[in-house]
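Reviewing the structure listed below.
The values are calculated or read from the model by the stated rules, or taken from the named source; none is laboratory data. Quantities reported herein were computed from a predicted structural model and do not represent experimental measurements. Note: ideal-geometry Cβ built from the backbone for every residue, glycine included; neighbour counts use all protein chains shown. We work out accessible area using only protein heavy atoms, side chains counted, and drop any ligands, DNA or RNA first. Shrake-Rupley method; radii C 1.70, N 1.55, O 1.52, S 1.80 Å.
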Amino acid sequence: MGWLLKQGKNTLYWTIPEWTSFGVRLAFSTIQGGQSTGSYSSLNLGLHVNDNPRNVLKNRKLFLAEFGCSLDDCIAAEQIHGTKVQIVTAEQKKSGMYDYADSIPACDGLLTTDPLLGLMAFFADCVPLYFYCPRTKIIGLAHAGWRGTVNNIAKEMLDKLKLAGASAAECQVAIGPSIGACCYQVSSDVAAIFREKFGNPPFLTPAEQGKFHLDLKEANRYLLISEGVLPKNIISSDLCTFCQAEYFYSFRRAQVTGRMAAFIIRQDCEQRGGSIIDVQNSQEKT
Ligand SMILES: [Zn+2]
């Protein structure tokens, strides 16, 4: 199992049907099914990349409708490649959803216990990390580029989860599509920062011209396991946002481009009227 491609009513997105049995829906959007044009074609969900905001809001509406949600149900943060994690509540509903300026400020990880609240974050190569604790019912979503990874936002998320009563060993974690080691080379300077923190980690391998391949998804898996998350509770994607241009925007491939969204919400609230993910109609693809 793991990540599967699903054709929704409007858009094409990736999801993990197994998480439905935990009572959670999660998704990672593709570029398909939206109304943006040019470099942003077509399902750009980022408001901060100079696309026409009216199209972005239409796209967000189309994507969230797949889960019976609207923009009013969700929260997004101003992602700054930091490690700050914040617990959010219904009082902050709509933050960052209609206007980038009112995003939760300077924050790369969100957690909530609210069963009606969806969390969103935006990506074009960085790693989305989804968290769920089945006992406390806390959901979380983090954005980890190389800075967030080396500074260990995964640990910050787990520390906040622990403060809220969860333990790492009971958490389910999903690692979504991001740039793969195949396409992600970093300078020796960046490699040195990782080596200083993690010794000679398996996710950093030599490439040509003194550069290094960095496997960001594997790095986050390694850090999660170091903090006590059980390997069997981690589902990681092997999709590369740079290679797979039919599905993904990639900042490394084109600097002026759109953003995919990661989305997570509890689904034990049928009053929203969304349908349960139909696994049989999912196109199997990992
Ligand atoms: Zn690749």
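Of everything in region 209-226 that's within 16 Å of the ligand (Cβ to nearest atom) and over 23 Å from L4 (Cα atoms), which residue is surrounded by the most Cβ atoms within 10 Å (Cβ to Cβ)?
As a first pass, look at region 209-226 and keep what is within 16 Å of the ligand (Cβ to nearest atom): 211-219.
If we keep only those that are over 23 Å from L4 (Cα atoms) as well, we get 211-214.
Values: K211: 15, F212: 20, H213: 18, L214: 24.
So, considering only residues that are within 16 Å of the ligand (Cβ to nearest atom) and over 23 Å from L4 (Cα atoms), the one surrounded by the most Cβ atoms within 10 Å (Cβ to Cβ) is L214.
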Return only the number of the condition from (1) away from the ligand (no atom under 16 Å from the Cβ); (2) in contact with a helix residue (DSSP H, G or I) (Cβ under 6 Å, 6 or more places away or on another chain) that V127 does not satisfy. (1)
I need a count of the residues in region 18-38 that are open to solvent by 10 Å² or more (accessible area, probe 1.4 Å), assigned to a loop (DSSP other than H, G, I, E, B) and not hydrophobic (A, V, I, L, M, F, W, C). 6
Among the residues of region 157-180, is there at least one that is more than 30 Å from G23 (Cα to Cα) and either in contact (Cβ under 8 Å) with a residue 12 or more places away in the chain or open to solvent by less than 10 Å² (accessible area, probe 1.4 Å) (or both)? no
If you check F22 against the conditions, is it touching a strand residue (DSSP E or B) at 6+ places or on another chain (Cβ under 7 Å), more than 25 Å from R253 (Cβ to Cβ) and in contact (Cβ under 8 Å) with a residue 60 or more places away in the chain? yes
Within region 227-286, can you find the residues that are assigned to a loop (DSSP other than H, G, I, E, B), more than 22 Å from G38 (Cβ to Cβ), modelled with pLDDT of 50 or more and away from the ligand (no atom under 16 Å from the Cβ)? E227, G228, V229, L230, Q267, D268
Would you mind finding the one in L64, L57 that is in contact (Cβ under 8 Å) with a residue 60 or more places away in the chain, assigned to a helix (DSSP H, G or I) and surrounded by 16 or more Cβ atoms within 10 Å (Cβ to Cβ)? L64
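Step by step: first the residues of region 189-205, then only those that are open to solvent by less than 90 Å² (accessible area, probe 1.4 Å) and under 23 Å from A124 (Cα atoms), then the one that is farthest from the ligand (Cβ to nearest atom). Which residue is that? Step through it out loud before you land on a result.
So the first thing to find is which residues in region 189-205 are open to solvent by less than 90 Å² (accessible area, probe 1.4 Å), and the list is 190-194, 198-199, 201, 203-205.
Pick out the ones that are also under 23 Å from A124 (Cα atoms) and you get 190-191, 193-194, 203-205.
Numbers: V190: 18, A191: 18, I193: 22, F194: 19, F203: 15, L204: 16, T205: 14 Å.
Top of the filtered list is I193.
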In region 7-17, what count of residues is obtained for those that are open to solvent by 20 Å² or more (accessible area, probe 1.4 Å) and either modelled with pLDDT under 95 or not in a loop (DSSP other than H, G, I, E, B) (or both)? 1
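Looking at G82, is it open to solvent by 10 Å² or more (accessible area, probe 1.4 Å) and closer than 24 Å to N152 by Cβ? Even if it seems obvious, please write down each step before you answer.
Values: open to solvent by 10 Å² or more (accessible area, probe 1.4 Å): yes; closer than 24 Å to N152 by Cβ: yes.
So G82 fits the description; yes.
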State all residues of region 146-188 that are within 16 Å of the ligand (Cβ to nearest atom) and part of a loop (DSSP other than H, G, I, E, B); if no residue qualifies, say none. G176, P177, I179, G180, A181, C182, C183, Y184
Expected output for region 222-247 (first residue closer than 19 Å to A144 by Cα, partner within 15 Å of the ligand (Cβ to nearest atom) and open to solvent by 50 Å² or more (accessible area, probe 1.4 Å), Cβ below 6 Å, 6+ apart or cross-chain) is C240/C182; F242/R252; F242/R253
